[in-house]
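So the structure is just underneath, and the comments pick up after that.
The values are calculated or read from the model by the stated rules, or taken from the named source; none is laboratory data. Quantities reported herein were computed from a predicted structural model and do not represent experimental measurements. Positions of Cβ are generated from backbone atoms using ideal geometry, with glycine treated the same way; all protein chains shown enter the neighbour counts.
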Amino acid sequence: MVQSECWLLRGVLSFICLLLMCINAAPDLCKPLKTVQEDLNISKRRRFMKMNFPINYTIQVHYEEVFKLRNISRLNMSDDEEPVLKRDLQDLWLTISMQGIKKVLNVLPERHPTRQKYLSNLDNLFKQFEVVYSQQNPPNGEREYPERIQDIFDRLQSDEGWKSVTPKSILDNCYRTMLCLFKECFTKEDDRYDYCDENWRRGNKTT
Ligand SMILES: *[C@@H]1O[C@H](CO)[C@@H](O)[C@H](O)[C@H]1NC(C)=O
Ligand SMILES: *[C@@H]1O[C@H](CO)[C@@H](O)[C@H](O)[C@H]1NC(C)=O
Ligand SMILES: *[C@@H]1O[C@H](CO)[C@@H](O)[C@H](O)[C@H]1NC(C)=O
Ligand SMILES: *[C@@H]1O[C@H](CO)[C@@H](O)[C@H](O)[C@H]1NC(C)=O
């Protein structure tokens, strides 16, 4: 009697194990994103994106390449006719982040330590993330972006509207907006911060 219950329990347990394995087999977005997060860590951003550059060094980017938490809340404000989906904002984040990294790589000499020890690798981590991201979010041929999102994508490709920013600010913004748009990957149980709140850093000076 006891033994048969034991067998039954084993059967159930192995079934659960199998089920969990199947769930895990789906490509997990958080894993490659956490690798990106580790590389965007504040000490690395400071060292490779600030200290390795001349003081007050800036590069030219499109206005739209400045993508901050404030932009997210503004774009997310309800518009019943053309609601902006989280997916739209994530698409935007990925495009702007990768474009920003490219911009910095373009001004760096071949042998610059920031390129060799940091940014080329970060660029690759983003490409790996992009693969998993597009597997999980295959393009939806039916749906078009809301107009205000499409406008941004268009202006990102245009030849006008330039602004000077520091290389570090590009990755700072990329990091903060990532925590907001991919919250599920970064929320811890004891988390006191709402990563989409523009003021959350006040209590968390390290990032
Ligand atoms: C950033 O990463 C370095 C090396 O991986 C680690 O030593 C450091 O503690 C990290 N810093 C923060 C603020 O997480
Ligand atoms: C860098 O910029 C700050 C603030 O604009 C300015 O006070 C400082 O003099 C600049 N430093 C150099 C070396 O140009
Ligand atoms: C974010 O806001 C700034 C300032 O209003 C604006 O110049 C920029 O184009 C916005 N970025 C995006 C991606 O909408
Ligand atoms: C966008 O707005 C919706 C509804 O107000 C909210 O639930 C969601 O968390 C917001 N998303 C972001 C990324 O701020």
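Could you please give the count of residues in the range 44-80 that are more than 18 Å from the chain's Cα centre (by Cα) and away from ligand 4 (no atom under 16 Å from the Cβ)?
17
Looking at the range 116-153 only, could you name the residues that are closer than 17 Å to N106 by Cβ and either in contact with a Lys or Arg (Cβ under 7 Å, 6 or more places away or on another chain) or among the hydrophobic types (A, V, I, L, M, F, W, C) (or both)?
Within the range 116-153, Y118, L119, L122, F126 qualify.
Take the range 95-113 and flag every residue that is within 18 Å of the chain's Cα centre (by Cα) and polar (S, T, N, Q).
The answer is T95, S97, Q99.
So, K117, is that one farther than 24 Å from R155 by Cα, away from ligand 3 (no atom under 16 Å from the Cβ) and not β-branched (V, I, T) or not?
Yes: the conditions hold for K117.
Which one of the conditions (1) within 16 Å of ligand 4 (Cβ to nearest atom); (2) touching a helix residue (DSSP H, G or I) at 6+ places or on another chain (Cβ under 6 Å) does C30 fail to meet, given that it meets all the rest?
Only one criterion in (1) within 16 Å of ligand 4 (Cβ to nearest atom); (2) touching a helix residue (DSSP H, G or I) at 6+ places or on another chain (Cβ under 6 Å) is unmet by C30, namely (1).
Contact list please: Cβ distance under 8 Å, first residue in the range 158-183 and among the polar types (S, T, N, Q), second residue within 16 Å of ligand 1 (Cβ to nearest atom), pairs at least six apart or on different chains.
Sorted first by the residue in the range 158-183, then by its partner, the pairs are T166/M49; T166/K50.
For the range 8-79, please list each of the helices (runs of 4 or more DSSP H) lying entirely inside it that holds at least 1 residues being hydroxyl-bearing (S, T, Y) and at pLDDT 95 or above.
Counting at least 1 such residues, we get 30-39, 42-46.
Inside the range 81-90, can you point out the residues that are touching a Pro at 6+ places or on another chain (Cβ under 9 Å) and within 11 Å of ligand 4 (Cβ to nearest atom)? It would help to see each step written out before you state the result.
Kept after step one, since they are touching a Pro at 6+ places or on another chain (Cβ under 9 Å), are these residues of the range 81-90: 81-85, 88.
Once the filter is applied, which keeps residues that are touching a Pro at 6+ places or on another chain (Cβ under 9 Å) and within 11 Å of ligand 4 (Cβ to nearest atom), the range 81-90 yields P83, V84, L85, D88.
Pairs only if they're at least six apart or on different chains, beta carbon under 9 angstrom, first in the range 53-80 and aromatic (F, W, Y), second in a helix (DSSP H, G or I) and within 10 Å of ligand 3 (Cβ to nearest atom); list them, first residue then second.
These pairs meet every condition: Y63/R155; F67/L92; F67/W93; F67/I96; F67/I152; F67/N173; F67/T177.
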